[in-house]
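**Q** Pasting in a structure now, in structure tokens, and then I'll have a few things to ask.
The values are calculated or read from the model by the stated rules, or taken from the named source; none is laboratory data. Source: prediction; values computed, not measured. Quick reminder, even Gly has a Cβ in these numbers, built from the backbone with ideal geometry, and neighbours come from all protein chains shown. Only protein heavy atoms, including side chains, enter the accessible area calculation; ligands, DNA and RNA are left aside. Shrake-Rupley method; radii C 1.70, N 1.55, O 1.52, S 1.80 Å.
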Amino acid sequence: MTGQARESGLAAASMAVLDQWWDPGIGLVVDPDWSPTQRRARVRETCWYALGLLARGGSTDTPRAVRAIEAVLDHQIDQPGTPWHGTWLRWPEEPTPVDGARAFRDYDPNWREFIGCALLHLLVEREGHLPAELVARIDHALDLAVAGTLARGVDPLYSNIALMAGFLMHAVGRRRGDRDCDVSGLHLMGRVLEAFEVRGAFEEYNSPTYYGIDLYALALWRRYGGEPGTVQRAGAVELALWRDVADHYHPGLCNLAGPYDRSYGMDLNSYASGIGLWLWQAVGRDAAPFPDIRGPFEHFWDLALGPSVEALGIPDLPAPVRAALTSFPGPRTLEQPIDGRRVATTVLDVNVMVGAEHLGGDRRGLGDQFHPLTAHWRLGTGVGWLRLVSELTIDVAAASAGSDAAEVRLRWPAGGSFAFQVRADGLDGGSVTPERWRLPGLEVAVTGTAALERVESDPDGTWWLHYRAPSDADGGAGLTLRWSHRGEVP
């Protein structure tokens, strides 16, 4: 059903939760009582909620949506000539930026694109349900957002934001008859698409969170783009991205194999992810990798995108892609050059999967979002997982080593410290030695020049294996991990 949404239960389930987070006194959705951080009212998520209200159309939904949109518009920043012009406060108590403010610390420039696209989406779908004066306010807000986006000059390699920025400028330009604005959006979109077409991948590669936003923006182009050539190219990239997701997704382990250039978690069943929402839309709730939304779960605010995902729907997926999302098609090894220097390798087998990234001297600079080495393995009815955490530039490569076995090689140019974070129920730190890790469900033989310094646990149940890496003065510094699945562990 190209361009058509199908009912997956995603919107209804999301809205049932968001209704509980609604605060009528301030007209915004607020973090739930079980939020692990200080509770905050959320501006972006309220705009997504407003679309869901308008789509549901109950007797009280449209008035509540109007109230929500008004509250969102109240928190836009109108300061021409500043880097934050046209963006929004993330929460009402956030101070308005002043000279010296730093992006992503003191304000988020991306709220322009996120909220701008959400406002466009609800206008296209439900403008006739809104008061004329509110529509005029929305148009003014979009003008401010576009002005800020144009001044910012989003890098086309910043794929998830660039895709939205291109759509924002294109759609607003068409709406107000501004050819220059439209052309700016089409030009940016063309550069994003060209980069993908040349490389076969986004530079923000294999991100469970931001692949979800890539698919969201590409779906906006598919449904509402006004230039046929660009829409056709965007549709081809959208299908290619779905094929990439299907290649890396393991239905048996209910996770996307790494490596992850940007990710907020390691188990899709414990945190809300963009890709989890799209898989829910594609395969239904029972088969989708998503946490139980009735109780505490991490990165919970992304659930608010659910109504938008269902409204946009998924494209007609080829039969092999659909099949791979519900049934494991068999062991495979994938290799993907990313940007001329970086190469990702992924090994998927029945009970274990490993992802690795050769950096070619490049350090991603994304802190704890960057996972250049990942592993997932079957552990009873769930999964165990492992990731590399390091400030060093460490090149990692993976290869199959037989049935449910893999070999991973780590190399680094300069000495320092790194660690492996492991989550596997039943792990005992005493089972980790310099030569062998006997993890629940997985056994790892370790050889190389790095020294195991200590093993420690966190209160949340994760373990840290800390290593000291010598410098590569003689060209021999490295570590080799050979792991194999140990069978079902209850």
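**Q** Please identify the pairs in which a residue from the range 381-402 that is touching a residue at least 12 places away in the same chain (Cβ under 8 Å) and farther than 16 Å from ASP349 by Cα has its Cβ atom under 9 Å from the Cβ atom of a residue that is polar (S, T, N, Q) and open to solvent by 30 Å² or more (accessible area, probe 1.4 Å), counting only partners at least 6 apart or on another chain.
**A** As it stands, the answer is SER390/SER417; GLU391/SER417; LEU392/SER417, since those pairs meet every condition given.
**Q** What are the residues in the range 236-258 that are within 25 Å of LEU388 (Cα to Cα) and open to solvent by 10 Å² or more (accessible area, probe 1.4 Å), if any?
**A** Listed by number, the residues that qualify are ASP244, ASP247, PRO251, GLY252, CYS254.
**Q** Further question on the same structure: Restricting to the range 404-423, name every residue that is open to solvent by 10 Å² or more (accessible area, probe 1.4 Å) and not in a strand (DSSP E or B).
**A** If the condition is that a residue be open to solvent by 10 Å² or more (accessible area, probe 1.4 Å) and not in a strand (DSSP E or B), then ASP404, PRO413, ALA414, GLY415 are the ones that fit.
**Q** Within the range 275-288, track down each residue that is touching a residue at least 40 places away in the same chain (Cβ under 8 Å) and not β-branched (Val, Ile, Thr).
**A** Within the range 275-288, the subset touching a residue at least 40 places away in the same chain (Cβ under 8 Å) is 275-285.
Matches in the range 275-288: GLY276, LEU277, TRP278, LEU279, TRP280, GLN281, ALA282, GLY284, ARG285.
**Q** Which pairs do you get when a residue that is without any contact (Cβ under 8 Å) to a residue 60 or more places away in the chain and of a type in the set (A, V, I, L, M), found in the range 405-417, comes within reach of a residue that is in a loop (DSSP other than H, G, I, E, B) and open to solvent by 50 Å² or more (accessible area, probe 1.4 Å), reach meaning Cβ atoms under 6 angstrom, with the pair 6+ apart or on two chains?
**A** Partner pairs satisfying both residue conditions: ALA414/SER471.
**Q** May I pose another question? Pairs needed: first member in the range 204-228, aliphatic (A, V, I, L, M); second member anywhere, open to solvent by 10 Å² or more (accessible area, probe 1.4 Å); C-beta distance under 7 Å; at least 6 residues apart or different chains.
**A** none
**Q** Restricting attention to the range 392-403, which residues are closer than 17 Å to VAL352 by Cβ and either assigned to a loop (DSSP other than H, G, I, E, B) or of a type in the set (Asp, Glu) (or both)? Steps first, please.
**A** Start the filter on the range 392-403 by keeping residues that are closer than 17 Å to VAL352 by Cβ, which leaves 396-403.
Correct list: ALA401, GLY402, SER403.
**Q** Among GLY430, GLY361, GLY340, GLY426, which is open to solvent by 30 Å² or more (accessible area, probe 1.4 Å), modelled with pLDDT under 90 and not in a loop (DSSP other than H, G, I, E, B)?
**A** Working: GLY361 fails: not in a loop (DSSP other than H, G, I, E, B); GLY340 fails: not in a loop (DSSP other than H, G, I, E, B); GLY426 fails: not in a loop (DSSP other than H, G, I, E, B).
Testing whether each residue is open to solvent by 30 Å² or more (accessible area, probe 1.4 Å), modelled with pLDDT under 90 and not in a loop (DSSP other than H, G, I, E, B) leaves just GLY430.
**Q** Further question: Going residue by residue through the range 259-267, is there one that turns out to be of a type in the set (Gly, Ala, Ser), farther than 24 Å from ALA398 by Cβ and either open to solvent by 10 Å² or more (accessible area, probe 1.4 Å) or not in a helix (DSSP H, G or I) (or both)?
**A** no
**Q** Does any residue in the range 57-72 that is open to solvent by 20 Å² or more (accessible area, probe 1.4 Å) and at pLDDT 95 or above come within less than 7 Å, Cβ to Cβ, of a residue that is not hydroxyl-bearing (Ser, Thr, Tyr) and not in a helix (DSSP H, G or I) six or more places away or on a different chain, and which pairs are these?
**A** Between residues of the range 57-72 that are open to solvent by 20 Å² or more (accessible area, probe 1.4 Å) and at pLDDT 95 or above and residues that are not hydroxyl-bearing (Ser, Thr, Tyr) and not in a helix (DSSP H, G or I), the close pairs are VAL66/LEU130; VAL66/PRO131; ARG67/GLY27; GLU70/GLY27.
Residue-wise test of (1) open to solvent by 60 Å² or more (accessible area, probe 1.4 Å); (2) within 27 Å of ASP261 (Cβ to Cβ); (3) in contact (Cβ under 8 Å) with a residue 24 or more places away in the chain.
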| position | (1), (2), (3) |
| --- | --- |
| LEU130 | no, no, yes |
| LEU134 | no, no, yes |
| VAL146 | no, no, yes |
| ARG152 | yes, yes, yes |
| ASP178 | no, no, no |
| LEU188 | no, yes, yes |
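**Q** Those residues that are among the hydroxyl-bearing types (Ser, Thr, Tyr) and within 22 Å of ASP139 (Cα to Cα), I need them from the range 166-212; list them, please.
**A** Listed by number, the list holds a single entry, SER184.
**Q** I'd like the residue in the range 87-139 that is part of a loop (DSSP other than H, G, I, E, B) and of a type in the set (Val, Ile, Thr) and, out of all such residues, is nearest to ARG174 (Cα to Cα).
**A** Here the residue is THR87.
**Q** In the list SER457, SER431, which residue meets the criterion of being in contact with a helix residue (DSSP H, G or I) (Cβ under 9 Å, 6 or more places away or on another chain) and either within 18 Å of ASN269 (Cβ to Cβ) or without any contact (Cβ under 8 Å) to a residue 40 or more places away in the chain (or both)?
**A** Going through SER457, SER431 in turn, the sole match is SER457.
**Q** Filter the range 106-127 for residues that are of a type in the set (D, E, K, R) and in contact (Cβ under 8 Å) with a residue 12 or more places away in the chain; which is surrounded by the most Cβ atoms within 10 Å (Cβ to Cβ)?
**A** Taking the candidates together, the pick is ARG112.
**Q** For GLU125, are the conditions met, namely being more than 24 Å from the chain's Cα centre (by Cα) and closer than 17 Å to ALA50 by Cβ?
**A** yes
**Q** In the set THR37, THR82, which member is surrounded by 15 or more Cβ atoms within 10 Å (Cβ to Cβ), polar (S, T, N, Q) and assigned to a loop (DSSP other than H, G, I, E, B)?
**A** THR82
**Q** Being among the acidic types (Asp, Glu), within 26 Å of LEU123 (Cα to Cα) and surrounded by 23 or more Cβ atoms within 10 Å (Cβ to Cβ) is the requirement here; does GLU310 meet it?
**A** Considered against the rule, which asks whether it is among the acidic types (Asp, Glu), within 26 Å of LEU123 (Cα to Cα) and surrounded by 23 or more Cβ atoms within 10 Å (Cβ to Cβ), GLU310 comes out as yes.
**Q** Now, a different point. Does at least one position in the range 242-251 carry a residue that is more than 30 Å from LEU379 (Cα to Cα) and within 17 Å of the chain's Cα centre (by Cα)?
**A** no
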